[in-house]
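See below for the structure under consideration.
The values are calculated or read from the model by the stated rules, or taken from the named source; none is laboratory data. Keep in mind the model is a prediction, meaning the values are calculated, not measured. As a convention, Cβ positions derive from the backbone with ideal geometry for all residues, glycine included, and neighbour counts pool all protein chains shown. Ligands, DNA and RNA are excluded from the accessible area calculation, which covers all protein heavy atoms including side chains. Shrake-Rupley method; radii C 1.70, N 1.55, O 1.52, S 1.80 Å.
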Amino acid sequence: MKLKVIMIVLLLGATQAFSQNKVGTTAAPFLGIGAGPRAIGMGGAFTAVANDPSALYWNPAGISRTGSTQFLLEHTNYLVGSSYNYFAGVVALDEDNAIGLSVTELDYGSDLVTTVSQPDGTGETWSASDWAVGLTYARNLTDRFSIAGTAKMVMQNIWHESATGWALDAGVLYITPFNNMKIGMEIANFGTDMRLDGTDLLVSYDPAPSMGGNNKNIPAEYYTNSYPLPLFFRVGLAMNVIHVGDNRLTLAADALHPSNGVQSMNVGAEYAWNNFLFLRAGYKSLFVPNSQEGLTLGIGLRYEIAMNLIFKLDYGYENFGVLKNLQEFALTIGL
């Protein structure tokens, strides 16, 4: 009965996501940037794989099955001179419970402030950045079924203006009896609207410029519109199609419906040798007209040293068409 209730809640959330098709009209589009070069190398087909700290982005229900404490730090020189940084930490409380913390930053850099009268700069600089901080709790309800929820704060800043929103993510992970194939579902960014506010919106206003004797400097403020967060609904499948000796091959596929875009599918694969070397390939945004995304590749190395300390280094490549490509790196430490 509990499992049925949880599935119904997620499907109702998915219905809400399908009903909010507002292409290009949401705040915080950076929430759609996938986390972790391992997941990116697999084409973003990670909702059902979800077994490392980047699961906090793709499907937080997976962190209760990691069985260990892990920390991931990622850096990517993102598009048009911006930089993307992601931190994820997972702490296993026991065999069935885990908590996680994620921090996402997209830094657009800074530049000189120029005006018509001072085209070479006023001596000031402006900058812009986006942030998201999430706190997650995950639990294994049975030996095959896990659930999780994430509460997060979303912030956007540009010069003297900023906007803040609050959101919830929910995910489930089910390991089927059929060759332990996994099914994952997540609904992300169900939350408040965001509206920019700040000192640059404060102005002096003259309500009647044609009349004499009135106050020409009435304090006023420009009111900006509010925009919803991008709501994502993901469903994924993953299965080890080969697991013989030191060799493992995992195939995965995700279907994605965003409220600020069109439906798409991601597919990917990961080959592991001796739990040391990992080779990955995938394809993103299938069925999206004129998509600039496509082929993804990745490689990873895992090394265990004394006292069960594990280091993992992952690299991901993502083709972005006319926008060239992305090179993504992450270091994971497991205890």
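Cβ-Cβ contacts under 7 Å between residues 6 or more apart (or on different chains), taken from a first residue in region 246-269 that is in contact (Cβ under 8 Å) with a residue 60 or more places away in the chain and closer than 20 Å to Ile175 by Cβ to a second residue that is hydroxyl-bearing (Ser, Thr, Tyr) and surrounded by 21 or more Cβ atoms within 10 Å (Cβ to Cβ), are listed as Asp254/Thr47; Ala269/Thr250. Screening Glu221 against (1) more than 16 Å from Ala48 (Cα to Cα); (2) of a type in the set (Asp, Glu); (3) open to solvent by less than 70 Å² (accessible area, probe 1.4 Å) leaves a single unmet condition, (3).
For region 79-106, which positions are touching a strand residue (DSSP E or B) at 6+ places or on another chain (Cβ under 7 Å), open to solvent by less than 50 Å² (accessible area, probe 1.4 Å) and closer than 15 Å to Glu328 by Cα? Correct list: Ser82, Ser83, Tyr84, Asn85, Tyr86, Thr104, Glu105, Leu106. Within region 184-213, track down each residue that is of a type in the set (A, V, I, L, M) and either over 15 Å from Thr47 (Cα atoms) or surrounded by fewer than 16 Cβ atoms within 10 Å (Cβ to Cβ) (or both). Once the filter is applied, which keeps residues that are of a type in the set (A, V, I, L, M) and either over 15 Å from Thr47 (Cα atoms) or surrounded by fewer than 16 Cβ atoms within 10 Å (Cβ to Cβ) (or both), region 184-213 yields Met194, Leu196, Leu201, Leu202, Val203, Ala208, Met211. How many residues are among the small types (Gly, Ala, Ser), under 18 Å from the mean Cα position of the chain (by Cα) and open to solvent by 20 Å² or more (accessible area, probe 1.4 Å) if we restrict to region 132-165? Adding up the residues that qualify gives 2.
Let's see how each residue does on (1) surrounded by 14 or more Cβ atoms within 10 Å (Cβ to Cβ); (2) closer than 30 Å to Gly165 by Cβ; (3) modelled with pLDDT of 95 or more:
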position: Ser259; (1), (2), (3): yes, yes, no
position: Gly268; (1), (2), (3): yes, no, yes
position: Val288; (1), (2), (3): yes, yes, no
position: Ser291; (1), (2), (3): yes, yes, no
position: Glu304; (1), (2), (3): no, no, no
position: Tyr317; (1), (2), (3): yes, no, yes
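A Cβ distance below 6 Å, combined with a sequence gap of six or more or placement on separate chains, defines the contacts here; from region 159-178, residues that are within 11 Å of Arg144 (Cβ to Cβ) reach residues that are of a type outside the set (A, V, I, L, M, F, W, C) and not in a strand (DSSP E or B) in the pairs Leu173/Gly62; Ile175/Arg144. Of the residues in region 111-131, none is within 13 Å of Leu56 (Cα to Cα), surrounded by 17 or more Cβ atoms within 10 Å (Cβ to Cβ) and not small (Gly, Ala, Ser).
Restricting the first member to region 87-101 and to residues that are touching a residue at least 40 places away in the same chain (Cβ under 8 Å), and the second to residues that are in a strand (DSSP E or B) and β-branched (Val, Ile, Thr), the beta-carbon pairs closer than 7 Å and six or more apart or on different chains are Ala98/Val90; Ala98/Val91; Gly100/Val90; Gly100/Thr136. Being polar (S, T, N, Q), within 25 Å of Ala92 (Cα to Cα) and outside any strand (DSSP E or B): is that true of Asn290 here? No, not satisfied. You will find that of Pro207, Pro230, the residue that is outside any strand (DSSP E or B) and under 30 Å from Asn97 (Cβ atoms) is Pro230 and no other. Cβ separations smaller than 8 Å between residues 6+ apart or across chains give the following pairs from region 276-297 residues that are closer than 13 Å to Val262 by Cβ and small (Gly, Ala, Ser) to residues that are open to solvent by less than 50 Å² (accessible area, probe 1.4 Å) and assigned to a strand (DSSP E or B): Ser285/Ser264; Ser285/Asn266; Ser291/Ser264; Ser291/Lys284; Ser291/Ser285. A single member of Ser204, Ser210 is hydroxyl-bearing (Ser, Thr, Tyr) and under 27 Å from Trp126 (Cα atoms), and it is Ser204.
Ser64 meets the conditions (1) among the polar types (S, T, N, Q); (2) open to solvent by less than 30 Å² (accessible area, probe 1.4 Å); (3) part of a strand (DSSP E or B) in every case but one. The failed one is (3). Cβ-Cβ distances below 7 Å connect the following pairs, each with a first residue in region 104-125 that is of a type in the set (Gly, Ala, Ser), a second residue that is assigned to a strand (DSSP E or B), and a separation of six or more residues or different chains: Gly109/Ser127; Ser110/Thr125; Ser110/Trp126; Ser110/Ser127; Gly121/Leu112.
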